[in-house]
1. Consider only pairs whose beta carbons are under 7 Å apart and that are at least six residues apart or on different chains; among these, list those whose first residue lies in the range 17-44 and is without any contact (Cβ under 8 Å) to a residue 12 or more places away in the chain and whose second residue is in a helix (DSSP H, G or I) and of a type in the set (Ser, Thr, Tyr).
2. With the requirement that a residue be over 19 Å from residue 106 (Cα atoms) and part of a helix (DSSP H, G or I), what does the range 43-76 give you?
3. Looking at the range 89-100 only, could you name the residues that are surrounded by 15 or more Cβ atoms within 10 Å (Cβ to Cβ) and of a type outside the set (D, E, K, R)?
4. Which members of the range 45-61 meet the condition of being in contact (Cβ under 8 Å) with a residue 60 or more places away in the chain and within 22 Å of residue 72 (Cβ to Cβ)?
5. Of the conditions (1) in contact with a Leu (Cβ under 8 Å, 6 or more places away or on another chain); (2) small (Gly, Ala, Ser); (3) touching a residue at least 24 places away in the same chain (Cβ under 8 Å), residue 10 fails just one. Which one is it?
6. Going through the range 51-69 one residue at a time, which ones are more than 21 Å from residue 30 (Cβ to Cβ) and loosely packed, with under 14 Cβ neighbours inside 10 Å?
7. Among the residues of the range 23-50, write down those that are surrounded by 16 or more Cβ atoms within 10 Å (Cβ to Cβ) and of a type in the set (Val, Ile, Thr).
Amino acid sequence: MQLTHLGVDADEASLFQRLAGHVLYADRSTRPSSDAIRRGGGAPSVLWAQGISGDIPIVLVRIDDLDDIAIVGQLLRAHEYWRMKQLAVDLVILNERASSYVQDLQIALETTVRMSQSHPRVGVDGARGSVFVLRTPDRCRSGSDLKPRRPGRRTSRRHRCSCRNSSCIPD
């Protein structure tokens, strides 16, 4: 009944459980290189400036193409599923599209999040975890500020901003 309420089928629930396993248990394949860990991503205040405590696991999705909005919807369903299962996770959606007069991606992200939060929540009374929609600052997009870390899939490119801007989210 609860899965139907969330719009989640059995295959998707299985996927969300596998993803939760990566959140809960260290997996070498999803861990940054030792060098990247040594360089660090900044002080906790970098997260705090965005309202993110850092006290619970963070799932980060980076998006720069409106065609990839479906993955955001799926991760919002995953977040709600995890909350239903009492797994506290903050979901950070990072819009990496360059600022312009047309804000179609930002509007789509904010609308998708609002729609996902508009239905009554089932079984999440004590669950923690929030959803954050953030933008990558323009100066982090310049070629000199981006240091590619490793190749990734289209919807999960990984890079690190070295601009030390308090608005940037570390990897």
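The values are calculated or read from the model by the stated rules, or taken from the named source; none is laboratory data. All of these numbers come straight from a predicted model, not from anything done at the bench. All Cβ positions, glycine included, derive from the backbone under ideal geometry; neighbour counts span all protein chains shown.
1. Every condition considered, the pairs that remain are 22/30.
2. The answer is 44, 45, 46, 47, 48.
3. First pass over the range 89-100, keeping only residues surrounded by 15 or more Cβ atoms within 10 Å (Cβ to Cβ): 89-97.
Residues satisfying the conditions are 89, 91, 92, 93, 94, 95.
4. Filtering the range 45-61 down to residues in contact (Cβ under 8 Å) with a residue 60 or more places away in the chain leaves 45-47, 49-52, 56, 60-61.
Listed by number, the residues that qualify are 47, 50, 51, 52, 56, 60, 61.
5. So residue 10 meets the others, but not (3).
6. Filtering the range 51-69 down to residues more than 21 Å from residue 30 (Cβ to Cβ) leaves 51, 53, 65-67, 69.
Correct list: 51, 53, 65, 66, 67.
7. 23, 46
Condition check ((1) of a type in the set (S, T, N, Q); (2) at pLDDT below 90) across all residues:
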position	(1), (2)
5	no, yes
13	no, no
18	no, no
41	no, yes
47	no, yes
50	yes, yes
56	no, no
64	no, no
